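Asks: This is the structure, below, for whatever I ask next.
The values are calculated or read from the model by the stated rules, or taken from the named source; none is laboratory data. Being a predicted model, the structure only gives us computed values, none of them experimental. Heads up, the Cβs are rebuilt from the backbone with ideal geometry, glycines too, and the neighbour counts pull from every protein chain shown.
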Amino acid sequence: MYYGKQGTVWNIQANQASWMVRKILQAYKDLEVVGWNEARVIQVEKFSTKQMYQLLRGEYPKVEWRKLVCNTIACPKWSLILYLTLQGRLLTKKRLIACGSVDNTKCILCEDGNENIEHLFFSCPYSRQVWQKILQWQNIQKQASRWNEEQRWAHDHYKGNSPEAKIFRTTLAASVYNIWQERNHRRRLEILIL
């Protein structure tokens, strides 16, 4: 390679090279960020892509909800809605009222409580009944409880890779998705009636 005649990668200037060659030659800057220099690269006997990726990525704590979303056999759209729910990012009436998009926060499923994530999953009588039937169908002997408690319970009891755990996580994602879809369906009907 012509550029190699100028010395090591650490001091090559390739101003006339293609963008790809320039990008490769500038990779040393990423190595320097994580504490690798030319001498250390030369001393490496066995390179691990995994270790380098983790070094470049940095340390991030694992979040509790990761297994609930990422390790299921659920449809991607179910997982997305579950992820948004776990992050508190669904556009419930509580969030929409702050934007001025709605004028009340009454739950459209039960017409009783204020519509927020905590109420929709599973404080609302409608969603609680749906979730309770899903739990019974899986032979899980527990009462449906509030969203934060269900999330914690699911993480504690179904974080493994057993078929039962995967089925539970999938039914959780499916339930959250379908309750959200029912809410959206009723919301559209409400708008049409007005």
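Asks: Say whether the condition of being modelled with pLDDT under 90 and farther than 30 Å from residue 168 by Cα is met by at least one residue in the range 82-99.
Replies: Yes, some residue in the range 82-99 is modelled with pLDDT under 90 and farther than 30 Å from residue 168 by Cα.
Asks: For the range 10-34, which residues satisfy the criterion of being touching a helix residue (DSSP H, G or I) at 6+ places or on another chain (Cβ under 8 Å), in a loop (DSSP other than H, G, I, E, B) and at pLDDT 80 or above?
Replies: 34
Asks: Mind listing whichever residues of the range 82-114 are surrounded by 14 or more Cβ atoms within 10 Å (Cβ to Cβ) and touching a residue at least 24 places away in the same chain (Cβ under 8 Å)?
Replies: 82, 85, 86, 90, 92, 108, 109
Asks: From (1) crowded, with 17+ Cβ neighbours inside 10 Å; (2) modelled with pLDDT of 95 or more, pick out the condition that doesn't hold for residue 129.
Replies: Checking residue 129 against (1) crowded, with 17+ Cβ neighbours inside 10 Å; (2) modelled with pLDDT of 95 or more, the one that fails is (1).
Asks: Could you go through the range 53-63 and let me know if any residue there is part of a loop (DSSP other than H, G, I, E, B), surrounded by 10 or more Cβ atoms within 10 Å (Cβ to Cβ) and in contact (Cβ under 8 Å) with a residue 12 or more places away in the chain.
Replies: No; the residues of the range 53-63 include none that is part of a loop (DSSP other than H, G, I, E, B), surrounded by 10 or more Cβ atoms within 10 Å (Cβ to Cβ) and in contact (Cβ under 8 Å) with a residue 12 or more places away in the chain.
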